[in-house]
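The values are calculated or read from the model by the stated rules, or taken from the named source; none is laboratory data. Just so it is clear, the structure is predicted and the values come from calculations on it, not from any experiment. No Cβ is skipped: glycine too gets one built from the backbone with ideal geometry, and neighbour counts run over all protein chains shown. Only protein heavy atoms, including side chains, enter the accessible area calculation; ligands, DNA and RNA are left aside. Shrake-Rupley method; radii C 1.70, N 1.55, O 1.52, S 1.80 Å.
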Amino acid sequence: MSYRNPILPGFNPDPSICRVGNDYFIATSTFQFLPGVPIYHSTDLVNWTLIGHALNRRTQLDMRTVEGGGGIFAPTLRYWKGRWYMTTCAAYRIRFGTKDPFVTPRGFYVSTDDIFDETKWSEPVFFDMLGIDQDLFFDDKDDKVYLSTTARIFDPKLPRYGFDTGVFISEVDLTAGRIQTRPKFIRQSPIGIGIAEGSHIFRKDDYYYLITAEGGTESLHQEWVFRSKEGPYGPWEAGPEGFNPMVFQGKHPEEEIQYTGHMDLVDAPDGRWWAVMLGVREQREAPKKDDEVIWSQLGRETFLVPVVWEDGWPVVNNSQPLRVRGEEGTGLARVSEDIDWRDDFDEKELQLGWYTVRTPNATFYSLIERPSTLTIHGSPYNITDDESPSMLLRRQDAFEGVWQTQLDFEPSAARESAGTAVWWSKWAFASVELRGVGDDVVKREIVFKYTMLENDDVHETVFDVAPLQGPVRFAIQATRFSYNLYYGPADTVEPSSAQDLLAKMTKVGEISARVLTQQGPLHSVMTGAHFGLYSMGANHEPSFAPAHFSYAAWQAKRA
């Protein structure tokens, strides 16, 4: 039997894995979404449970107008002497593809002695070394801690490639966050956009190993390995032909999974080794052209492959292409294809897995204002503002399924609105909502909105729903290449299946999935699709009408 890839479907890039005893843990990137850096737990490498987030409060991460694709970059999760460490950075100004400068972030770490209680994660300790994709290596040979990071190259003696960045390493004092040695350059990549990133250092037997993601995160993305007998400063020997690159799906353009890299390795209790990495399941509606970049609406996901060692070098996936059907005979279980998730909002706190865009200034929702209901109070921010609107989001983790919710909302002013959306960013979304219309007497209308494929304009279609009284049910049907949005009356008897539900509803419109994955200079190229619930005021004023959502549900099938 083969296991199912990806092991963390949906927007889960840049995985870092760590094992303690029989327990495995993975941390992934979250970019502009909060809480930041989800922590997943497993005992068998294929069934994963979200147990919390390392960055879960405003004092740890305060993202105001951070651009799409900014925020939290590739984390590293490590365990040392009874304590967990998660190190990362928050990029607040990226401006890729423009003349405005990228502001290099200052990395930091948080730590805890109880990874199962997200409230125990510490406040951040910032490093005085600038860069992205920070890694902490704890060397039990000399009891020292080393920080590696991708930073700008200023040495005129080094060649220049693309982004002019490379991997640097220093000894670091964790208490103060201060580096103790001048950063030493250890890797520069001539591949693609000229960046070596996502570095991880570990030790096995007689060697130290350095792995790096190279070529950028698109068609040339790949992973390389180096080793040294001397220590973390090198000198580093590159793996010979046949071992490097460790993985490069670009050699297999016919394969569905592409753009693989940002890898981390882990050893199992039985002595076997495994690697996790990000990849993209390209959604091709037509044959792929040479060097064409085809994104997936699910974004970059986390995949698992076996690793064996030959002559002191790691061999990934038996040097075979990465596929959604994992290698046969590994002994790993094949998880169910069925996804049947639901939140009836009957607890005191939201289920894990809800996110906001950036960091809210104040709490905008309640689970106690009306029993078994999520009440959202619309803020002055629109969902297309570069701030934190009153919107809660969940990752889309399968291509095909039906998202649904029920809304009770009586707008108190024209253009106050509440609804549901499939959301990638302000540049890429589609929504169906109830909106106020009229001056003296405020009535309701249904509005279908979506960003245009040809440009970044938001188009809307309005439906008169005067006969529709009381709560309204919304649904979004996802397929591999499109999204269909619906509304209908909230029947007292809920349909037995999602398909029965859609049969009773009115379709307001359809968008191509390419609406989400089109990429411009300021778009969120590194994230993925979510489903959201939201409410908005009008004219940058708060909404005076609460939006009551009685449930949210997602029924889907994994590929």
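Structure summary
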{"read-out": "The range 4-29 and the range 135-149: distance between their alpha carbon centers, rounded to Å", "value": "22 Å"}
{"read-out": "The range 425-457 versus the range 52-111: alpha-carbon centroid distance in Å", "value": "32 Å"}
{"read-out": "Ranked packing of 222-229, 268-275, most packed first, by mean Cβ within 10 Å", "value": "222-229, 268-275"}
{"read-out": "Glu230/Asp205 FRET efficiency (R0 22 Å; Cβ-Cβ; nearest 0.05)", "value": "0.90"}
{"read-out": "Listed peptides 306-312, 13-19, 213-219 by packing density, highest first (mean Cβ within 10 Å)", "value": "13-19, 213-219, 306-312"}
{"read-out": "Accessible area of the range 411-559 divided out per residue, in Å², using a probe of 1.4 angstrom", "value": "40 Å²"}
{"read-out": "Cα pair distances in the range 292-431, grouped into 10 Å bins until the bin that holds the longest one, percent each", "value": "8, 29, 28, 17, 13, 5, 1, 0"}
{"read-out": "Leading residue at positive end of dipole, the range 1-96 (Cβ point charges), from Phe31, Phe11, Thr49", "value": "Phe31"}
{"read-out": "Peptides ranked, highest mean first, by Cβ atoms within 10 Å: ranges 199-208, 378-387", "value": "378-387, 199-208"}
{"read-out": "FRET efficiency estimate (nearest 0.05) - Cβ-Cβ, Val465 to Ser512, R0 30 angstrom", "value": "0.70"}
{"read-out": "Across Lys507/Lys557; Lys289/Lys507; Lys204/Lys557; Lys81/Lys204; Lys144/Lys251, pairs whose alpha-carbon gap is larger than 28 Å", "value": "Lys289/Lys507; Lys204/Lys557; Lys144/Lys251"}
{"read-out": "Average accessible surface area per residue within the range 300-408, 1.4 Å rolling probe, Å²", "value": "42 Å²"}
{"read-out": "Arg152, Arg325, ranked by accessible area, largest first (probe 1.4 Å)", "value": "Arg325, Arg152"}
{"read-out": "Within-15-Å neighbourhood charge of Asn382 [Cβ basis; K, R +1; D, E -1]", "value": "-4"}
{"read-out": "Gained length - Phe544 relative to Thr384, 0.36 nm times residue gap less alpha-carbon distance", "value": "55.6 nm"}
{"read-out": "Accessible area of the chain belonging to carbon and sulfur atoms, whole % at 1.4 Å probe", "value": "49 percent"}
